[in-house]
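A short write-up of the structure that comes next.
The values are calculated or read from the model by the stated rules, or taken from the named source; none is laboratory data. Just so it is clear, the structure is predicted and the values come from calculations on it, not from any experiment. Heads up, the Cβs are rebuilt from the backbone with ideal geometry, glycines too, and the neighbour counts pull from every protein chain shown. Just so you know, the surface numbers come from the protein's heavy atoms only, side chains and all, with ligands and any DNA or RNA stripped out. Shrake-Rupley method; radii C 1.70, N 1.55, O 1.52, S 1.80 Å.
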Amino acid sequence: MSWRSESIWIEFITGSRKTSNFCWAFILFLGSLGFLLVGTSSYLGKNFISLFASQEIVFFPQGIVMSFYGIAGLFISCYLWCTILWNVGSGYDLFDRKEGIVRIFRWGFPGKSRRIFLRFLMKDIQSIRIEVKEGVSARRVLYMEIRGQGAIPLIRTDENFTTREIEQKAAELAYFLRVPIEVF
């Protein structure tokens with residue numbers, strides 16, 4: 001999602017609040033809760049889940065392993081829910097030709113670095129770089145090359161843009177910023 005005028009371009013970046021993250025966190029929570037209940041029921045000798053009789057699963061070693069997987073899964077699920085709650089990775093890219101400034105803002109994890117704010121002069125932008133890697137784990141990333149600073153990614157690496165979409169976006173941004181495009 002973006003907003004443009006003649007002198008300002010604002011690109012809004014979606015963070016962790018995506019449908020896929022909600023689904024994965026929920027599925028992981030339910031699965032790990034199931035593992036933990038089965039492990040606990042084998043220890044106590046009571047059936048918390050009617051699908052498994054507690055006598056069929058011996059606490060040592062199966063019950064301990066299932067309890068461990070359940071606890072580990074709950075921790076990972078809690079981490080996912082926290083990233084969704086804090087909306088880690090969301091923010092915006094603001095390109096202002098009138099002031100000659102680029103501002104990049106992202107939300108991080110709570111703490112000192114919760115707000116990640118970068119500011120550059122437009123005259124320091126060398127180019128817009130496209131990195132395309134095809135194959136099993138295809139990756140298409142758009143970078144902004146800053147003189148003396150290196151490359152800064154402008155889109156999330158897990159977004160599934162087609163090659164045409166990433167090229168179109170790069171061409172529009174390079175035209176707006178009046179800089180060349182590099183392809184890697």
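Some notes on this structure:
- Per atom type, segment 20-86 shows carbon and sulfur on 78% of its accessible surface, probed at 1.4 Å.
- Remark: the Lys18-Leu30 segment gains 2.4 nm on full extension, using 0.36 nm per residue and subtracting the alpha carbon distance.
- The lysines within cross-link reach of Lys133, meaning a Cα-to-Cα straight distance under 18 Å and a gap of 8 or more places when in the same chain, are Lys169.
- For segment 164-179, the Karplus equation 6.51 cos²θ - 1.76 cosθ + 1.60, evaluated at θ = phi - 60°, returns couplings of 5, 5, 5, 5, 4, 4, 5, 5, 5, 5, 5, 5, 5, 7, 6, 10 Hz by residue, with Gly and Pro reported as x.
- FRET efficiency for Asn160 and Glu182, using Cβ-Cβ distance with R0 set to 25 Å, rounded to 0.05: 0.65
- Inter-label distance, nm, simple model (7 Å from Cα along the C-beta direction), Arg114/Gln149: 2.4
- Nitroxide proxy distance, nm - points 7 Å out along Cα→Cβ at Tyr92 and Tyr175: 2.3
- Gyration tensor (alpha-carbon) shape descriptor, segment 97-138, a/c threshold 1.5: oblate
- Among (i) 52; (ii) 60; (iii) 45, the entry derived from the coordinates for percent of Cα pairs over 22 Å apart: (ii)
- Sites listed here are GluC sites (Glu not before Pro) in segment 35-141 whose DSSP assignment is loop and whose Cβ has at most 10 other Cβ atoms within 10 Å: Glu56, Glu134.
- Added length on full extension, which subtracts the Cα-Cα distance from 0.36 nm per residue, Ile49 to Met122: 20.2 nm
- Segment 60-147: trypsin sites (Lys or Arg not before Pro) in DSSP coil with no more than 14 other Cβ atoms inside 10 Å: Lys98, Lys112, Arg114, Arg147
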